[in-house]
Structures are given as structure tokens and as C-alpha cells.
Amino acid sequence: MPLITIEVADTVPVAKRLAYADAVNEGLAEGLGMDIDDRFQVIHPLPANHLIADPHYLGGDRRNVLFVRILMVKMYDDATKAKAFDAVARRLEALGVRPDDVFIAVTENTVKDWYPGARGARSAPTDV
Amino acid sequence: MPLITIEVADTVPVAKRLAYADAVNEGLAEGLGMDIDDRFQVIHPLPANHLIADPHYLGGDRRNVLFVRILMVKMYDDATKAKAFDAVARRLEALGVRPDDVFIAVTENTVKDWYPGARGARSAPTDV
Amino acid sequence: MPLITIEVADTVPVAKRLAYADAVNEGLAEGLGMDIDDRFQVIHPLPANHLIADPHYLGGDRRNVLFVRILMVKMYDDATKAKAFDAVARRLEALGVRPDDVFIAVTENTVKDWYPGARGARSAPTDV
């Protein structure tokens, strides 16, 4: 039950924002082995100059960064996370987002930290 | 000192958004035993199609999901969290939000991870 | 590689919002000993009444709260965090933000939870 936050420049057309969200979902399904229907995402369109990233820190060449935040249950090892990051970046690249412009950050919680709606809560797994 | 984030469709009138925030605060006070004045909330109104949730994953029937994120100190057990989720959903339901349309995610930190303003910081508890 | 989120009233002019972001970056560089180029920030302008804070909880006198969220690798001790909070508040005060109106919350993750762009990822540190 990852919850994805996408912060994107409001100069990006709505259809493209939604395509980015599709790509992130598909990348996580591929990289994490996550169910493609396990999809909860919020897109925040923001003024381009409100998305701030150092252009070269750690060797990147950043120009118009797309921020992707992933809140998910602590259950994936580092290699799986890296695979997911690469899968997300590759799918975004197919939509024209330069891999240097993808910025992903993960935060982790536990299975008990989620309430996915009343009926979802009743059928949610009680452990991982 | 929970910090609450509410992501809501911008088609929901402002007065209703603020009522939702009241309801979330009251639900947390009830469910967590939190002080009702321990209130720090940020509401993000977003285009409805920027709030994405699978309609049926885990058995829910989601239509217009309201996202509620809770950042709070790690100090509550699973049963207390579940009680808080139910209290929030029940109070939102009284305002017309279907329980299936409530999505809550918790992230935890420590007491030392908060700065609640200069004077607040001076009087903040040093441990839980 | 902290990721900073600044939630600010949309009545604050854009130039001032960007100055706040500068101040937060400089405060973290000072307080955490962070590289000044290690800068990744997202500013969310929101209606003033969507930024909700109890005016007096814990002894503060809050009026127009600026919310600053810090997602960073778990590697700083409590004293360093407190020093960073003070440095951020002091620099914001120089821009006219009352220290009581600064609200900071930290969330922590690990080095492996970041993807700072394709080339950045390749040169990212593998441990702290």
C-alpha cells in the first residue's frame, strides 16, 4: 500500500502529469513486485520555481526536476528499492523526463500505519 | 504534536474542507487520547483527478478519496492507531464522507524531531 | 540529501517564499553541517486558512505559521537537530518570520532510500 506523492511543475499539461503517475505506478509494480492495482497517488502541481534542486549536486545535471515521494511499508531490501528506482526512471524517460531530473525519496512505516477505507481496512493484511 | 496533512479535491467548498480538518482533529483527540489543542494541520486542495486511488483494491469501493496523512511521535500501539482511524472515519462520515473514501497513512518520528515555534520549543516535553 | 517541504500562505509574495527557502537551506547547512549545495526543496503555497496551528499549544504565540518539513537520513543526534532548528528559525526571523511562527518536523530514512537522478545515483554515497 505505497502512497505516492508526485510534485510536478504546473507548466506540465494535465494529461502528461497523469501519464507520469501511470509510469510511476508501473515502475513500482515492476521494481517492487507490487500489485499494479495497489495504487494510491497524489499529484501536486506547483510553480516551476517552487521545485528547487541543485543542478549538479552528486554529479547530476538537473534542469526540471520531478519529485516522487514513496511512503511504503518497511519490507523491501536495498537492492529491490534500487531496482524500483531504476524502473520508475526508465518509464518516466519514455515520457520525456530526463533520468537526471527524477528525484525519488522513500519513507517507511508499518502495515498497521494504514487505513485504506472502511472495507479495505477490514480485509487488509494483518502482517506482511 | 501530530502534523496532519489533508489532501482534498478542490471541488469541495472551503467551509467543508475546514470542517473535515475539525473532524480529523476531533477523531485523533478521541482515538489517540491527544489534547484537542495539539492541532497542526495543512490542507492541500488539488484537482480531483490528481487524487488517485484504485477503486477496489483490498475490497473497498472508493469514489472520491480524501487523503489524511499523520506524522506523529512513535508512542501509540496498533490498537490505539486502529481506534484513531475509526474515530476519524466516523467523524468524517458525519460530514458526508463515505468511510470507503477515507485513506489514512501514518509516519512516525521522535519527540526530538519537532520544533513547534520558539516558545513552544522551550516548553516542549523532553521525552514522552 | 535532505528533502525540504515548505508550506506557506499564498499571500506571501513569491520572492519572499524563495527567500524563505534560501534561509532554510542556509540554516540547515549551518546547523547540520550539511553541504550548502545539497539542496532539494519544494514550496507549497496554500490559502492562509489552510495552514492551521493552535495559537498557544505548548506556550507559543502563533499567528501565521510557516511549516517546514525535513526528510533526511537518520544520522544526526538530538543536539545537532536542535541546533539546526534554531539556525533555521534565526535566519527566517531575519526575513520577518516570528520564531513562534516557525513549525519544523523531521522524518528520517536511510541512504538507500534516495534516488537523486541517474548520474547522481551513480555517485551517491553507499553509506553514511
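A few comments on the model shown:
- Which numbered condition C:Leu71 misses (of (1) assigned to a strand (DSSP E or B); (2) surrounded by fewer than 22 Cβ atoms within 10 Å (Cβ to Cβ); (3) touching a residue at least 60 places away in the same chain (Cβ under 8 Å); (4) of a type outside the set (S, T, N, Q)): (2)
- Qualifying residue in segment A:24-46 (condition: over 14 Å from the mean Cα position of the chain (by Cα) and part of a helix (DSSP H, G or I)): no
- A single member of C:Asp100, C:Asp61, C:Asp54, C:Asp37 is surrounded by fewer than 18 Cβ atoms within 10 Å (Cβ to Cβ) and at the interface with chain B (Cβ under 9 Å from one of its Cβ atoms), and it is C:Asp61.
- A:Ala89 buried (at least 22 other Cβ atoms within 10 Å of the Cβ), closer than 21 Å to B:Glu7 by Cα and among the small types (Gly, Ala, Ser): no
- Look at (1) in contact with a Ser or Thr (Cβ under 8 Å, 6 or more places away or on another chain); (2) over 23 Å from C:Leu46 (Cβ atoms); (3) within 14 Å of chain C (Cβ to nearest Cβ) and you find that B:Arg119 fails only one, number (1).
- Segment C:1-23 - residue that is assigned to a loop (DSSP other than H, G, I, E, B) and in contact (Cβ under 8 Å) with a residue 60 or more places away in the chain and, of those, farthest from the chain's Cα centre (by Cα): C:Met1
- Residue within segment A:47-58 that is part of a helix (DSSP H, G or I), hydrophobic (A, V, I, L, M, F, W, C) and touching a strand residue (DSSP E or B) at 6+ places or on another chain (Cβ under 7 Å) present: yes
- Here B:Ile70 meets the list (1) within 14 Å of chain C (Cβ to nearest Cβ); (2) more than 26 Å from C:Glu108 (Cα to Cα) almost entirely, failing just condition (2).
Values quoted throughout were computed directly from the atomic coordinates according to the rules given, and no laboratory measurement underlies them. This is a predicted model, so every value here is computed, not measured. Don't worry about glycine lacking a Cβ; one is built from the backbone with ideal geometry, like all the others, and counts go over all protein chains shown.
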